[in-house]
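Read-outs: derived from the displayed coordinates by stated rules, not from any lab. From a predicted model like this one, the values you see are computed outputs, not experimental measurements. Here the Cβ positions follow ideal geometry from the backbone for every residue, glycine too, while neighbour counts run over all protein chains shown.
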Amino acid sequence: MQWFNDFYALIAKTKLAPWLNVLPAQLSHWYKDALHGDFKQWQKVLDHLPKTQTTQVNLQSAVAIGAADELSDGARQRLEVLLKQLMPWRKGPFDIHGLHIDTEWRSDWKWDRVLPHLAPLQHRTVLDVGCGSGYHLWRMRGAGAELVVGIDPSQLFFCQFQAIKHFHPDPAVHLLPIGIDDMPELKSFDTVFSMGVLYHRRSPLDFLQQLKNQLRPGGQLVLETLVVPGDAQTVLVPTDRYAKMRNVWFIPSTAALELWLQRIGFTDVRVVDLNQTSLDEQRATEWMQNESLVDFLDPTDHSKTIEGYPAPLRAVIVATA
Ligand SMILES: C[S@@+](CC[C@H](N)C(=O)[O-])C[C@H]1O[C@@H](n2cnc3c(N)ncnc32)[C@H](O)[C@@H]1O
């Protein structure tokens, strides 16, 4: 599997080398399981992507790869048809040789909220747990990270990432299709991000411990998650769905989250941003035509979800391992 061989070679002589004791076997198992149905179709899309000369790459203020005049209009239309076979595109946006992939989320807005609070990423090895299609991996690289590794078990998001990487095969940016439970305790990353994942975990404190287990002592955790108003003992456990999502388990207040992080042993825990998700940040587009935030809110009162819970409010928290 060429996708991963480069990564294995890259980490063989680094502090991530112990990962090689388990990762190749996990990924070859994953590949055998993946090779059916939709995944095969998505592979065909990747195989048909045009080979282009990419002279311009902007990862600092966007994810914009390749100039428009490096692809003919006809080739760009064919590219659009191909990439639309990888819908829904949720996290982005991406610009590929003048083709704008207008994703459901303005993930660039999240990045703008996170970036000012990061320990500078230069020379750092970073991990993004639950990275989706990898939008933020590119922005982390654009902010100077030396090596960027994302993990996300979704096969579709892996294929979307590979489609983008096809046009900018940066050897320092990788997405591995595994979950956090598959990772050994590497205690080596300088920065660990986990954005939009905590509330999907049934055991949130165990998850925070898993994140800590990936950080070197002194490394920075960057956590972004849904929160509710309230004190250190306030945690919302939806009785069924939250904003139509079945897989939301715990939504703490920021004070509760700070307490959880301190109990796990993080220090210098700081809430650095609080943001009510707007209908401009999460919406249906040509590239994601399913329901989106407007359909998840009470139509008569957008301060509530359709189930009557507080509407999505998201916090960014940083902490030191
Ligand atoms: C709401 S998305 C967040 C994507 C991105 N981090 C962002 O903030 O825009 C949550 C992601 O977590 C991933 N995920 C779910 N379970 C996971 C696990 N056990 N380990 C790692 N990622 C997981 C999902 O596949 C999904 O892409």
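Values computed for the structure shown
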read-out	value
Out of 174, 166, sole residue that is in contact with a strand residue (DSSP E or B) (Cβ under 6 Å, 6 or more places away or on another chain) and within 21 Å of residue 39 (Cα to Cα)	174
Region 71-98: number of residues that are surrounded by 19 or more Cβ atoms within 10 Å (Cβ to Cβ) and over 23 Å from residue 314 (Cβ atoms)	6
Strands (runs of 3 or more DSSP E) (entirely within region 50-158) containing at least 3 residues that are in contact (Cβ under 8 Å) with a residue 40 or more places away in the chain	125-129
Per-region count, region 74-123, residues of a type outside the set (Lys, Arg) and in contact with a strand residue (DSSP E or B) (Cβ under 6 Å, 6 or more places away or on another chain)	19
Answer residue from region 32-62, given it is in contact with a His (Cβ under 9 Å, 6 or more places away or on another chain) and surrounded by 11 or more Cβ atoms within 10 Å (Cβ to Cβ) and is farthest from residue 166 (Cα to Cα) among those	59
Filtered residue count, region 231-248, keeping only those that are buried (at least 16 other Cβ atoms within 10 Å of the Cβ) and over 19 Å from the mean Cα position of the chain (by Cα)	5
Residue list for region 159-182, restricted to those being closer than 27 Å to residue 248 by Cα and free of Cβ contacts under 8 Å to residues at least 60 places away in the same chain	161, 175, 179, 180, 181
Test: residue 103 is over 21 Å from residue 281 (Cα atoms) and either buried (at least 16 other Cβ atoms within 10 Å of the Cβ) or within 10 Å of the ligand (Cβ to nearest atom) (or both)	no
Region 162-184, subset within 18 Å of residue 92 (Cβ to Cβ) and of a type outside the set (D, E, K, R), residue nearest to the chain's Cα centre (by Cα)	175
Residue in region 143-161 that is surrounded by fewer than 18 Cβ atoms within 10 Å (Cβ to Cβ) and under 12 Å from the mean Cα position of the chain (by Cα) present	yes
Per-region count, region 9-30, residues hydroxyl-bearing (Ser, Thr, Tyr), closer than 21 Å to residue 124 by Cβ and part of a helix (DSSP H, G or I)	0
Complete set of residues in region 129-148 that are away from the ligand (no atom under 12 Å from the Cβ), of a type outside the set (Phe, Trp, Tyr) and under 12 Å from residue 173 (Cα atoms)	141, 142, 144, 145, 146, 147, 148
Listing of strands (runs of 3 or more DSSP E) fully contained in region 171-249 that carry 3 or more residues being within 12 Å of the ligand (Cβ to nearest atom) and closer than 18 Å to residue 314 by Cα	189-195, 215-227
Selection within region 157-198 - under 27 Å from residue 55 (Cβ atoms) and charged (D, E, K, R)	165, 170
